[in-house]
Structure formats: structure tokens, C-alpha cells
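Computed from the coordinates by the stated procedures, all read-outs in this text should not be read as laboratory data. Everything numeric in this text was worked out from a predicted model, so none of it was measured. Methodologically, a virtual Cβ is constructed for each residue, glycine included, from the backbone with ideal geometry; neighbour enumeration extends over all protein chains shown.
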Amino acid sequence: MLRAFALFFFATIAICRAAEPRSTIPATAQAKAPVDQLIPWLLDEDRQLRGIAFSEVILDTTGKHVLAVDRKNETDERVIKQISAALDETMKGMNAPANPIHGIARINEVSSHFEDSVRALLNTTPGLSCDFPRTADGKAQRSGYPDLRIVDLASTRVFYLDPKLYAVGSRDSSFRTFYFEPKIATSKVRDDAVHLIAGFEHQPRKDNRWNFTRWDLVDLSQFKVKLKAEFQGSNRDMYRPEAIVATSAKKPD
């Protein structure tokens, strides 16, 4: 169902963008326009757009498979232990009093420091390489999912790792903490791979210090997501000269 819906969704968007303005389309044709088929899908959020397997989203949007961690596989067990050691060392380093992250007031601005630390530590781990994933045109890109690409050099097995920070007491929160935006040109998922989240828990900032209390490594092979549709527009889209019907007589001094 997801693959059919994905094809329908993106085809609909492409058709709608190429279509003539609706004011020029006869009323009978408007009722059958692609956008009129799309809206009911988006409104039917509870039935169609919740509980979607993340592995299906990745497969349908990138053609790549999300691989489960195999705890009986020697390679997976070793790599998980190596990643765990890097996470331990990262948390220890972040909690060190001299770490510059304590001078950062917003926790959202701290996450890149975790990415840098984990990347550096894994690159010094024998048998592993770790870097920022590259897009189809070979450009390294930090924004968007996933943050890090780890390769076990002996087996060439790939592990995507996305470090995340969350506040104590928010593990059961229903607020959005993960998102994946499917794009062709800038997609960073280019391998059949294990997908992992490294979640670091932190206490509220106190006395100009952050304190990280634990981490969890999460296998996303059974992860479920939901689609939240959003129609967007920019200031350029809104403030078109032909659309302005009134304006202030004089700018304030």
C-alpha cells in the first residue's frame, strides 16, 4: 500500500505543479483534478498515514533496504560494541567541565558536537571508517537524515547513525523528534544498511553546565512513522505585487 500511495502522492504533486491555474479548468474537470484526489488522502490521517514502516519509506524513496541488527552475526556484534564504546567516550567527554558545549545555551546547538565526537572516535577505531554521508553527486552534507555513515572495512557492511539529544522525562513524549524528508537530489541514504539512533539523555542546564546521564542505541528496522502533510509558501510567494490590494500610505519615520 505504501509504495502505491507514494507513487500516487509524488505523481499528484508533479501533475498539480504542471497543471494550468484552476480558474481556467471547467468545473466538471476540477472535480477529477489530481489535487482533489490528494486532499482526501491527507485528511484521512488516522487510517492511511500512521504506523508506516520506516523501512518501507526508505525502500520506496531510495530503493535501499533497512537491515536489522543481527545479534548472532559476528560483524554486527563487534560493530555495536565499537559504537557503544564511542558513545561512552563521547558522553564522558561532553560532561567534562572544560568542554566548550557548557557555554552553549540552546541544546539544539549542542548536537553537532556529538556528531563530531562520535565521528572522530569511530575513525580511530580499528576496522571502521566514519564520515558524513554523501549525496548522489558526491557532496558531503550535514543537514538531514542520517548524520553519520559507518563502514565496517572487512565486510563493507554499512551502518547509518543519527545522534539525538533529549531531556530527562521526555522519553514518552509524543512531540516530533525525528523526521525524514524524501528528496532525490540530496538523499543521503545510498546503501542497504543498518539504521541506528544514538539517543543521549540530558538534565536541564544548571550552573552553566549540561549533564548527560545515559544513552541508548536504537535499531530502526522496526520503527514506525507517520506522514504529516504541510502546504508551504514563502514571503516571495505571498507578497507578489499583483496580489497586494492595499498598503500603508507612508513608511513610519
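Size descriptors for region 94-164 (Cα atoms only): Rg and Dmax, in that order, 13.7, 42 Å.
Summarised in one figure, the compactness ratio Rg/Rh of region 109-253, Cα atoms and Kirkwood Rh, is 1.12. Amide hydrogen proximity for residue 53: with H placed 1.01 Å from N in the peptide plane, the residues at 5 or more positions away or on another chain lying under 5 Å are 225.
Averaged over residues, the count of other Cβ atoms within 10 Å places the peptides 92-104, 197-209 in the sequence 197-209, 92-104, highest first. The overall shape of region 185-253, judged from the alpha-carbon gyration tensor, is oblate: a/c is not under 1.5, and a/b is no greater than b/c.
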